[in-house]
Amino acid sequence: MRINDERLHRHFEALSRIGATDQQGIDRPALSAVDIQARTWLQQRIETAGLEYRMDAAGNQSALLTGRQPDGPRLLLGSHLDSVPNGGRFDGALGVLAAVEVLHTLSENNYAGDIVLEAVNFTDEEGSHVGLLGSRAMLGQLAAEDLANPFLGRRAFEAGLQRLGLNPDDLFAARRSPSQLAAYLEVHIEQGPVLAEAGDAIGIVTGIVGIRRQTFTFQGMANHAGTTPMDRRRDAGRAAATFAVSAWQTVAQAYRDCVINIGDMRYHPGSFNVVPAAVAVDLEMRAADETRLKALHQQLLAVAQAQASACDSTLACGPHEHLGPVAMDEGLQALLTQAAQELGLRYRKMASGAGHDAQSFATVCPAAMIFVPSAGGVSHCPQEFSEWQDCLNGVELLLQAVIAFSAHQ
Ligand code: GLV
Ligand code: MN
Ligand code: MN
């Protein structure tokens, strides 16, 4: 049994047009009007394939394929259709199309396994509002506080959910019983340079890094930018800038096993001629080791405090989002290894520095991921690209893994 290459490619091209930017990228933030367009497209894709379509209370869209046992345990396959601002065509989209294509192919071949197969598009994987919203809601990992401060504010979040006819208070109803979940598999582009540089076709993911996010707000005092002597300013902009430089130095000197990103700084009031009164700094930290991640977080808090004091400013820390590092299931890694060998695909085992819905599943049921090479190792930008044959290899491997998994249940 093989994947229908032409059909998969046609669907990839069609989906890539929804939210396309003029630089060949995708701008499809979760719950935006274009995300809704992509969701409508996906529903049609699923229904045209003759698969059962469902959407849950968190907006997760599913295609279902039942074999001999309609109430049997479920193998979920999935990823996300939402993108980061001005992102790429492959991140998430490939995994959702792969999942639906695998079900379509098995359905055409009169699937009669004991496992129910479900292909899912998870809501807001990228965290435009709340990171991994859909998969966490499905797995009962969402707390009321997670919904209290969405990144774009509560009003934008509610308006986005309303576009789907959803209510924030109902999100928890998406929760599934873990006993129903047999396993989770996801195909994704690597988003880094390892596979492409090594000439490997497939990455079998061993684990996913832990991720912490927090907004540090430096507060000084607004004042006249021309008349206030330099040594009398309580300049929040200076505190934010010196913090950024010190944070980079801290990682370079003492935390080489970690990465950080300052993805945004917002100046208030934000004017040429006003000394910044406050600057909000969005900081993200990642590491495979939880102890190291925690130590880095504490160290950067201390650095921020020191820089605030040095600039006669104060520091206010926002709520922090925290996802622990997870390991992928050993049994599923072995199954993927064998399937890759049988397909003659050169593979390597590797860790993921990117976050994925698979990390929500890893603590609830066996979960694993298949990576395909990213040309130039770039992602979360319009230049993100993977050779089509590389994408196809990943989807073929997913199909063979699903067949092998359902045969062994
Ligand atoms: C998701 O793409 C992430 O790693 O932030
Ligand atoms: Mn992403
Ligand atoms: Mn992704």
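The values are calculated or read from the model by the stated rules, or taken from the named source; none is laboratory data. Bear in mind the structure is a predicted one, so any value in this text is a computation, not a measurement. Glycine gets a Cβ as well: all are built from the backbone with ideal geometry, and neighbour counts include every protein chain shown. For accessibility, only protein heavy atoms count, side chains too; no ligands or nucleic acids. Shrake-Rupley method; radii C 1.70, N 1.55, O 1.52, S 1.80 Å.
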Separation between Cα centres of the range 324-392 and the range 1-71, rounded to whole Å: 20 Å
Value of D in µm² per second that Stokes-Einstein yields for the range 163-282, Kirkwood Rh from Cα pairs, at 37 °C (0.692 mPa s): 168 µm²/s
Distant-in-sequence amide H partners of PHE385 (H built 1.01 Å from N, under 5 Å): ALA375, VAL378
Rg(Cα)/(2.2 N^0.38 Å) for the range 49-160, N = residue count: 1.18
Rounded accessible area per residue of the chain, 1.4 Å, Å²: 42 Å²
Cα point-scatterer Debye curve for the range 328-409, base-10 log of I(q)/I(0) at q = 0.21 Å⁻¹: -1.11
Dipole-positive endmost among THR250, PHE157, ASN273 within the chain (Cβ charges, Cα centre): ASN273
Between 0 and 90°, nearest 10: helix 330-343 axis offset from the chain longest Cα axis: 60 degrees
Distance between the range 101-134 and the range 176-205 - C-alpha centres, whole angstrom: 14 Å
Amide H contacts of THR206 (H built 1.01 Å from N, under 5 Å, at least 5 apart or other chain): MET350, ALA351, SER352
The chain - charge dipole about Cα centre, Lys and Arg +1 at Cβ, Asp and Glu -1, debye rounded to 20: 860 debye
Per-residue SASA entry for LYS294, accessible area with 1.4 Å probe, Å² rounded to 10: 100 Å²
The range 226-364: translational diffusion in µm²/s, Stokes-Einstein, Kirkwood Rh over Cα pairs, 25 °C, 0.890 mPa s: 135 µm²/s
Cα radius of gyration and Dmax for the range 146-185 (Å): 13.5, 37
Dimensions (Å) - the chain, Cα atoms, principal axes, largest first: 78, 45, 42
Percent carbon-and-sulfur accessible area, the chain, ignoring ligands, DNA and RNA, probe 1.4 Å: 49 percent
Cα-based convex hull, the range 20-91, per residue volume (Å³, whole number): 107 Å³
Computed [θ] at 222 nm, helices only, for the chain once each DSSP H run of length n ≥ 4 contributes -39500 (n - 2.57): -11000 deg cm²/dmol
Simple Cβ-charge dipole of the range 69-194, Lys/Arg +1 and Asp/Glu -1, about Cα centre, in debye nearest 20: 220 debye
